[in-house]
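The values are calculated or read from the model by the stated rules, or taken from the named source; none is laboratory data. Remember, predicted model here, so these are calculated numbers, not experimental data. All Cβ positions, glycine included, derive from the backbone under ideal geometry; neighbour counts span all protein chains shown.
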Amino acid sequence: MLADALRYHVGPPLMVVGVTAGVQVLAVAGGKNTTRGWSLLGSLEAWCYVAALALWGLLSLWVPSREFRGPMPQHGPAPRYRANGVQFYCVSVILAIVGLIYNQEFASRTFYIFPEILAACNVTALVFCVYLLIRGKKWPQTTEKLPPRPIVYEFYRGMEIHPRFLGVDVKQFTVCRFGMIAWQVLVIIFFVAQNRLHGFDFACFVCAFLQSVYIAKFFYWETGYFDTLDIIYDRAGYYICWGCLVFVPGFYTFTSFFLVAHKPTVSVSGAFVCLMMGLISIALNYRVDWEKQYFRQNKGKCFLWGRQAKFIKATYVTPANEKRTSLLLTSGCWGLARHLNYVFELLLTLSWSLVGIGRGLGPFLYFFFLTILLVHRIFRDEEKCKAKYGRYWDQYCEAVPYRLIPFIF
């Protein structure tokens, strides 16, 4: 009963109020009196920024391009996505760089009004999440029936898994076409703003470069992201949609934002070590993700590490009483730990955070947050997998006993 009370009645209101306000507070505090102060509704200039990025993201999903279909959900048709992430990313980055070459003042101005930009994002995201809640309750796009929950919990969680808005998939738009590209563009902008304020700094370059490589990898692997548990199971509500419309631009970029006003003190050699650590982490993270994608593409008939891939064939029954089968990989990197990819993601984040060592906790806030998020996600996802696969999941856990770090956890 206590767990249910925390999950449905206490946690969601605290998250909605605390995190929504917290992002705004950090934008003011991290600017060190070099940005505008607290803003509730933003400004006309800030709204133009948000509208332009949203329209750019929508246009990328409206233009004719190859269609990619995600896994068949338990209710409704398979989700449809646009498989043009690489093109969208490259054009966006080129436009941002060319624009900043001709108008570097734009970077300083963006940094200065960043709290107002986040305020505009906040209002947009909250209104959009209310719309998704109402439409999901009154005019759902599938026949799925959900048990009633407290309204704030439903707002936080979302009602539908694959809703569409203006002809596009809501989660692809909010995650890939707004949140992730905003992260990339802002990292470039903050790097230029830092250069204008303090001159070129190799540590800031390393911070921006590692984030950019990570984001580029995300867009290269975008269709693979549509097979992750986040997309397959999480509903479109505050958690995902507000998170990607506000939290990703406002908090994921915080290390770069913080270093604009707080010049790094790390040496060039120290920054180079961070760069090498980050690149190795990216390569290993990509290898882990690639193994699972390669395994799925070949339906288990493949070799990993020079040996035939091992797996557990798990059957399950959907709510529509349809029998389906999944293959649970137990060899290669996925035989070492059930979430080994998270280890390298954390090491990468630590790499671009370490360039700010000596400047307090600010550069490490995202690393601390991501550690908590991923550990929570491990238990959340495993709860879902246990409910889905039953005894097959128990067999999988016996074959791969470690969750995150081999021989430790």
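Yes/no per residue for (1) touching a Phe, Trp or Tyr at 6+ places or on another chain (Cβ under 7 Å); (2) at pLDDT 95 or above; (3) surrounded by fewer than 19 Cβ atoms within 10 Å (Cβ to Cβ):
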{"position": "F178", "(1), (2), (3)": "no, yes, no"}
{"position": "L186", "(1), (2), (3)": "no, yes, no"}
{"position": "F190", "(1), (2), (3)": "yes, yes, no"}
{"position": "Q211", "(1), (2), (3)": "yes, yes, no"}
{"position": "T223", "(1), (2), (3)": "yes, no, yes"}
{"position": "T228", "(1), (2), (3)": "no, no, yes"}
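Would you mind finding the one in Y8, Y89 that is within 26 Å of G237 (Cα to Cα) and at pLDDT below 95?
Just a single option satisfies the conditions, and that option is Y8.
What are the residues in region 284-304 that are over 19 Å from F226 (Cβ atoms) and either of a type outside the set (G, A, S) or at pLDDT 95 or above (or both), if any?
L284, R287, K301, C302, F303, L304
Can you report the number of residues in region 137-181 which are assigned to a helix (DSSP H, G or I), touching a helix residue (DSSP H, G or I) at 6+ places or on another chain (Cβ under 9 Å) and either free of Cβ contacts under 8 Å to residues at least 60 places away in the same chain or among the hydrophobic types (A, V, I, L, M, F, W, C) (or both)?
Of all residues in region 137-181, those assigned to a helix (DSSP H, G or I) come to 137-138, 151-157, 170-181.
Subsequent filtering for residues that are touching a helix residue (DSSP H, G or I) at 6+ places or on another chain (Cβ under 9 Å) retains 137, 151-157, 170-181.
Still in the running and either free of Cβ contacts under 8 Å to residues at least 60 places away in the same chain or among the hydrophobic types (A, V, I, L, M, F, W, C) (or both): 137, 151-152, 155, 170, 173, 175-176, 178, 180-181.
So the answer is 11.
Just checking: which of the helices (runs of 4 or more DSSP H) contained wholly in region 305-409 hold 2 or more residues that are touching a helix residue (DSSP H, G or I) at 6+ places or on another chain (Cβ under 9 Å) and more than 20 Å from L284 (Cβ to Cβ)?
Values: elements: 340-354, 365-389, 391-399.
By residue number, 365-389, 391-399.
Return the residues of region 295-304 that are assigned to a helix (DSSP H, G or I) and free of Cβ contacts under 8 Å to residues at least 12 places away in the same chain; say none if nothing qualifies.
From region 295-304, those assigned to a helix (DSSP H, G or I) are 295-297; that's our starting set.
Passing the criteria: only Q297.
In region 58-96, which residue that is under 20 Å from T325 (Cβ atoms) and either acidic (D, E) or touching a helix residue (DSSP H, G or I) at 6+ places or on another chain (Cβ under 7 Å) (or both) is surrounded by the fewest Cβ atoms within 10 Å (Cβ to Cβ)?
Ranking the qualifying residues of region 58-96, first place goes to P71.
What are the residues in region 314-328 that are more than 29 Å from the chain's Cα centre (by Cα), surrounded by 11 or more Cβ atoms within 10 Å (Cβ to Cβ) and either closer than 16 Å to A399 by Cα or in contact (Cβ under 8 Å) with a residue 60 or more places away in the chain (or both), if any?
Once the filter is applied, which keeps residues that are more than 29 Å from the chain's Cα centre (by Cα), surrounded by 11 or more Cβ atoms within 10 Å (Cβ to Cβ) and either closer than 16 Å to A399 by Cα or in contact (Cβ under 8 Å) with a residue 60 or more places away in the chain (or both), region 314-328 yields only T315.
Any residue in region 58-74 that's under 21 Å from R235 (Cβ atoms): show its pairings with residues that are in a helix (DSSP H, G or I) and polar (S, T, N, Q) at Cβ separation under 9 Å, as long as the two are six or more apart or on different chains.
Matching pairs, first to second residue: L61/Q172; F68/T223; G70/T223.
I'm trying to understand the selection: among the residues of region 360-391, which are modelled with pLDDT of 95 or more and of a type in the set (S, T, Y)?
Y366, T371
Given the conditions (1) surrounded by fewer than 22 Cβ atoms within 10 Å (Cβ to Cβ); (2) modelled with pLDDT of 95 or more, report the number of the one that K217 does not fulfil.
(2)
Please list, ordered by residue number, the helices (runs of 4 or more DSSP H) wholly in region 207-274 having 3 or more residues that are within 14 Å of the chain's Cα centre (by Cα).
On the way: elements: 222-225, 229-233, 254-261.
Counting at least 3 such residues, we get 222-225, 229-233.
Residues V98, V127: which one is without any contact (Cβ under 8 Å) to a residue 24 or more places away in the chain, over 24 Å from S65 (Cβ atoms) and not small (G, A, S)?
After applying the criteria, what remains is V127.
Before we move on, is L259 buried (at least 19 other Cβ atoms within 10 Å of the Cβ) and over 24 Å from K388 (Cα atoms)? Give the derivation first.
Details: buried (at least 19 other Cβ atoms within 10 Å of the Cβ): yes; over 24 Å from K388 (Cα atoms): yes.
Against the criterion (buried (at least 19 other Cβ atoms within 10 Å of the Cβ) and over 24 Å from K388 (Cα atoms)), L259 qualifies.
Which residues, taken from region 122-176, are aromatic (F, W, Y), surrounded by fewer than 23 Cβ atoms within 10 Å (Cβ to Cβ) and touching a strand residue (DSSP E or B) at 6+ places or on another chain (Cβ under 9 Å)?
F128, Y131
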